[in-house]
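Asks: Okay, handing you the structure first.
Please treat every number below as a calculation from the coordinates, not as lab data. Fair warning: this is a prediction, and the values are worked out from it, not measured in the lab. Note that we place each Cβ from the backbone using ideal geometry, even for glycine, and neighbour counts take in every protein chain shown.
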Amino acid sequence: MRRLAIAIGILIGLVLTGQAMAQQARVALVIGNAAYRHTGALTNPGNDAADVAAALRGVGFSVTELRDLDRSRMLEALRGFSAAADRAEVALLFYAGHAVQAPSLDRQRVQNWLLPVDARLAHEADLQDEAVSLDSVIARMAGARARVVLLDACRDNPLLEQMLRADRSRGGMPRGLGRTGPVPSGTLVAYATAPGETAADGRGRNSPFTDGLLRHIATPGMELGEMLQEVRRAVADATRPQQRPDIDNQLQGRIVLVPAMVQPLPPRPTPEAGLPPEAVDLAFWNSIATSRNPRDYLAYVETFPQGRFVRLARLRAEEFASAAPSPPPPDPAAEAQARADAEARARAEAEARRLAEDLRRQQEQLRLQQEELARQREELRQRSQAEASERARRAELERQQELQRQADAAVRAEADARLRREQQERQRRAEQEQRELLARTGTEATEAARSLTPANWRWIQEMLLALNHNVGVADGVPGPRTRAAIRSFQVNNGWPETGFLNDGLITLLERQGGPAQAANAARERAEREAEERERARRAAEPRERRAAGFAAGNLSEIAGCWRDSGPWTEATGYHEFCISGISDIRFSQDMRHHDGNVRVCSPRPGARLMSWNRQQITIELPQTQNASCRNQNGQTDFSRVIINCRSDPERMDRLVCDRMFFHFNSSEVFATDANRQHVRIFSGR
């Protein structure tokens, strides 16, 4: 019964151990590299990795066990281990295989390198591409609260021999591994042997370092650093003492792999598995397996009638009972003792049943706790996924915002560049316009540079007259009227108004004035020819017939013009008011009163003869909306022209008309001068 109680106590301890271990995250990466491709294979790293992985699972670690990794798989495994170690309570790396030490790039310290199975070393520089540095391994474990690195990796290394033979300049490179300086706080690194020494691969299943580690890793209540000191002593004793492990311990606080009250049974049941009845069966049997008392086996059969070892227990009970000596004669004291023993056994069995029931209840509680733990883990996983999704969303949003900022910056840069180009183009155009303006600007200097003669000036005045710019008489002298005509020509063509000439202005004057002069000459020639024909026709008409028609009041033809260039008008140029037939009365150009108020705007189509007699001719003019045809009182043009006439004493068929009145509403304005010409009025048939 004592053995049963011990077994049940161990099982309860296992339950409590599972609960304690479930509360702390312990992760481990175990790597065993043995099948090296460019040198001989090692014997024990595979066994060492398998046994250490089982032992770590027995003390509550979540273990990733890998064998014979090349460099790419080794780096991939370390990346996965880095993610698992983040926020873990303890992160542990066990490595069995080849490793070397070499000076760092700055030659100020030593670097240790773990060698994948595909490593090929010809020179020291090859380590960067062929091996994995211990510094990078420790850096990947930075997320854990405590970091433990166990290196069974100082074996005789043929790869180092190859490298030394290929690069004899490195002949002094030490063997084994070396201390790289103080490890980061919260880190422990254990080497299988002292710096610069080599470790034995071992003749048995495991290397000496791994064998010592397996002997002590599950010691209850022992702190991790103390446990490794025991491993150090065990390795030294086993190698007499050629191999002494080296420990660089910078851990903060105590780390105990197995609580003091628990003796675990490797391999440890996982926290999720619970404690099935078979485990209780096995624990009871292990507690009586070496007993020679048949009562122990009968108790097993009674407790576990369907147990795995029932048949063996019955055989042992019969064997040990038959081997017992013949019972002595009945002894009342012995019988009393037997009865007491039976009662004690019954009480023990009842206690065992009670304990079994308590164990069942504890198992149920553990199951519920495990379910709750699983639920919490699932919530944590979902929350972690949600946080990761949110981080990814924020990262994507920040990326999009950064892209938008870059696009906006590019748009602004393009807009700024376009603005600068436009400003430069405007400046270039302004400078070009300024140069063109300077080229078009006539000054006294530009005009003097032409050395114009009076003949040249007469030609210029004729061109200006042809373009209707009044210079008075083309006399070859550039007087005030000529300067005024030049300014008018400059304004009409968009040139600076200076009144002086330059080469460009003379060229423009020639280009415009030549055709205009030719057109004026053609028009004047046509008018002269028309007048000659009219005079010839009039001369051929019988005089008596015209006089008779005029006397009878038949005014079918009226012809004549007042032409004026006298000083009383402010306008320049040639002005005339013409009557040619009853229905064609027009002003060919402007006529104004001497004070500039009376204005007749030409041409004036639509004028008509209202009345006539031998003393007066009245002509009605159409109204105009031309704002330039206003007098000083704001009146818009005059409406009638009244011409005073008298009989020509020389010819009976002609009137002499010498006075003209412009009629504004109720007022009349007289306009005539001494340079007038007379209108001729002929009678019709």
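Asks: So, by mean Cβ neighbours within 10 angstrom, what's the order for 353-366, 413-426 with the highest one leading?
Replies: Taking the mean over residues of other Cβ atoms within 10 Å, the ranking is 353-366, 413-426.
Asks: Next question, about the same structure. If R0 is 56 Å, what FRET efficiency do you get for Arg203 and Gln400 from their C-beta distance, rounded to 0.05?
Replies: Working from the Cβ atoms, E equals 0.30.
Asks: Something else now. Taking square-rooted eigenvalues a ≥ b ≥ c of the alpha carbon gyration tensor, is the stretch 276-386 rounded, prolate or oblate, where a/c under 1.5 means rounded and, failing that, a/b exceeding b/c means prolate?
Replies: prolate
Asks: Sticking with this structure for a sec: Considering only C-alpha atoms, what is the centroid distance from the stretch 440-499 to the stretch 88-146, in Å?
Replies: Taking the Cα centre of the stretch 88-146 as reference, the centre of the stretch 440-499 is 99 Å away.
Asks: Measuring from label point to label point, each 7 Å out along Cα→Cβ, what is the Asn492 to Ala540 span in nm?
Replies: Between Asn492 and Ala540, the label points sit 4.0 nm apart.
Asks: Give a residue-ordered list of calculated ³J(HN,Hα) values for the stretch 419-425 (Karplus: 6.51 cos²θ - 1.76 cosθ + 1.60, θ = phi - 60°; whole Hz; x for Gly, Pro).
Replies: 5, 5, 5, 5, 4, 5, 5
Asks: What distance in nm lies between label points placed 7 Å from Cα along the C-beta direction at Ala374 and Arg435?
Replies: Going from the Ala374 label point to the Arg435 one covers 9.0 nm.
Asks: Still on this structure, I have one more. Could you derive backbone 3J(HN,Hα) for the stretch 348-359 from the dihedral phi with the Karplus parameters 6.51, -1.76 and 1.60 (θ = phi - 60°), listing whole Hz in sequence and x where the residue is Gly or Pro?
Replies: 5, 5, 4, 5, 5, 5, 5, 4, 4, 5, 4, 4
Asks: Then there's this: Mind checking the full-extension length gain between Ser62 and Ser322? Use 0.36 nm per residue of separation minus the Cα-Cα distance, one decimal, nm.
Replies: 88.6 nm
Asks: Using amide H atoms built in the peptide plane, which far-off residues or other-chain residues are under 5 Å from Ala199 H to H?
Replies: Placed amide hydrogens put Cys154, Arg155, Asp156 under 5 Å from Ala199.
Asks: In what sequence, highest mean first, do 28-38, 472-482 appear when ranked by Cβ atoms within 10 angstrom?
Replies: Packing proxy ranking, top to bottom: 28-38, 472-482.
Asks: 5 Å is the cut-off here: which amide hydrogens, built 1.01 Å from N in the peptide plane, fall below it relative to Asp70, excluding neighbours closer than 5 in sequence?
Replies: Val117
Asks: With r defined as the distance between the Cβ atoms of Glu357 and Gln242 and R0 fixed at 60 Å, what FRET efficiency is calculated, to the nearest 0.05?
Replies: Here the calculated transfer efficiency is 0.60.
Asks: Separate question: So between Glu76 and Arg292, what do we pick up on full extension, going 0.36 nm a residue minus the alpha carbon distance? Mind dumping the intermediate values first?
Replies: Values: separation 216, 0.36 × 216 = 77.76 nm, distance 5.57 nm.
Residue separation times 0.36 nm, minus the Cα-Cα distance, leaves 72.2 nm.
Asks: Output ³J(HN,Hα) for the stretch 468-484: one whole-Hz value per residue in order, computed from phi by the Karplus curve 6.51 cos²θ - 1.76 cosθ + 1.60 with θ = phi - 60°, and x for Gly and Pro.
Replies: So the J values, rounded to whole Hz, are 6, 10, 6, 10, x, 9, 6, 9, x, 10, x, x, x, 5, 4, 4, 5.
Asks: Still on this structure: Once amide H atoms are built 1.01 Å from N in the peptide plane, which residues 5 or more positions from Leu92, or in another chain, come under 5 Å H to H?
Replies: Residues meeting the amide H criterion: Val27, Ala28, Leu29, Val148.
Asks: Report the net charge of residues surrounding Asp408, where surrounding means a beta-carbon distance below 13 angstrom and charges are Lys +1, Arg +1, Asp -1, Glu -1.
Replies: Result for the neighbourhood of Asp408: -1.
Asks: Could I ask something else about it? Say R0 is 51 Å: what FRET efficiency, to the nearest 0.05, do Asn470 and Gln427 get from their beta-carbon distance?
Replies: Working: r = 42 Å, r/R0 = 0.81.
Using R0 = 51 Å, I get an efficiency of 0.75.
Asks: How far apart, in nanometres, would the label points at Leu452 and Gln250 be if each is projected 7 angstrom from Cα along the Cα-to-Cβ direction?
Replies: 10.0 nm
Asks: Given the Cα-Cα distance of Ala415 and Glu390 and 0.36 nm per residue of separation, how much length would full extension add, in nm? Walk me through the numbers before you get to the answer.
Replies: Numbers: separation 25, 0.36 × 25 = 9.00 nm, distance 3.61 nm.
Working it through step by step, the gained length comes to 5.4 nm.
Asks: With a/c under 1.5 counting as rounded, go ahead and sort the stretch 334-429 into rounded, prolate or oblate using the C-alpha gyration tensor (a ≥ b ≥ c being the square roots of the eigenvalues; past the cut-off, prolate if a/b is larger than b/c, else oblate).
Replies: Note, shape of the stretch 334-429 comes out prolate.
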